[in-house]
1. So which residues in segment 84-102 are in contact (Cβ under 8 Å) with a residue 12 or more places away in the chain and either assigned to a helix (DSSP H, G or I) or surrounded by fewer than 20 Cβ atoms within 10 Å (Cβ to Cβ) (or both), if there are any at all?
2. Please go through segment 131-150 and pick out each residue that is under 23 Å from residue 37 (Cα atoms), in contact with a helix residue (DSSP H, G or I) (Cβ under 9 Å, 6 or more places away or on another chain) and not in a loop (DSSP other than H, G, I, E, B).
3. Filter segment 103-127 for residues that are touching a helix residue (DSSP H, G or I) at 6+ places or on another chain (Cβ under 8 Å) and in a loop (DSSP other than H, G, I, E, B) and give the result.
4. Quick test of your reading of the structure: residue 35 fulfils all but one of (1) at pLDDT below 90; (2) in a strand (DSSP E or B). Name the failing condition by number.
5. If a residue counts only when it is buried (at least 17 other Cβ atoms within 10 Å of the Cβ) and at pLDDT 80 or above, which helices (runs of 4 or more DSSP H) contained entirely in segment 151-254 have at least 2 such residues?
């Protein structure tokens, strides 16, 4: 087997491996784009509430409680925590120690929180209880959970009791973005009393918006960008050298016929760019088709089966050529 044939086979296998990896990452991110944060159910609503006269969080919770038998309310912030209130509801979390919020915690305005495992290092002990300081306020840690990663719709690190006395002292304003999770639809009743705007949940977003969420998440990862950049540079250099070896005769003929070095350079560059442009168009088309496909398990299996068959076909092709040469 010629060295050039081995290099060609190696290059094709590397390209296929890279394409499968990128496709798997994209499909994984695509799945996350349809997974709401904090294990919210498909019934959740996304509201932005603006303050009205004489309205605050306590009054809002009381109004919801009088109109709804079961719900989950959480206020989103960009401060690393989420305040939460539950009525006949539990959070679907993987508890490592402690307990979840109870009805007694909310009724008695207890200063309690639940934290993700990495935040244990920020706690301190007094007796048998753990405490954590958040915005200069001390809270008792009643539960520690294992946080599941969701790069597209990030999960919460710390849940604070929304009716906590310390929390309400500085965060009783109703303004903000809320997730309301309940089987009951209260939007009609709530909008008559509060200034509420309902956003689309992730289940109601169009495909273009999900693609935007996926691409934004990918481009925020410098590790992915660095890997892609290094791969592309090495791949282009490797393929260019491999391709150029097949053009030696053409280069020699053109040079003998009087072509200048500059003319030869631009001639080869034009052909090289044309080849890569075709490859990019095919890759983008394939990637788009794969991206809009939601059958992830089937897709992963199909990709790896195709990869195995194609790799085997390439190896058989070169082995067959080697046998013919030996004959």
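1. Taking segment 84-102 as the starting set, the residues that turn out to be in contact (Cβ under 8 Å) with a residue 12 or more places away in the chain are 84-89, 91-101.
Residues satisfying the conditions are 87, 88, 89, 92, 94, 95, 96, 97, 98, 99, 100.
2. Keep residues of segment 131-150 that are under 23 Å from residue 37 (Cα atoms), which gives 134, 141-150.
If we keep only those that are in contact with a helix residue (DSSP H, G or I) (Cβ under 9 Å, 6 or more places away or on another chain) too, we end up with 134, 141-142, 144-150.
Scanning segment 131-150 gives 134, 141, 142, 144, 145, 146.
3. Residues satisfying the conditions are 109, 110, 111.
4. (2)
5. Values: elements: 165-171, 187-191, 207-219, 222-245.
In segment 151-254, the matching helices (runs of 4 or more DSSP H) lie at 165-171, 207-219.
The values are calculated or read from the model by the stated rules, or taken from the named source; none is laboratory data. Because the structure is predicted, anything quoted here is derived from the model rather than measured. Positions of Cβ are generated from backbone atoms using ideal geometry, with glycine treated the same way; all protein chains shown enter the neighbour counts.
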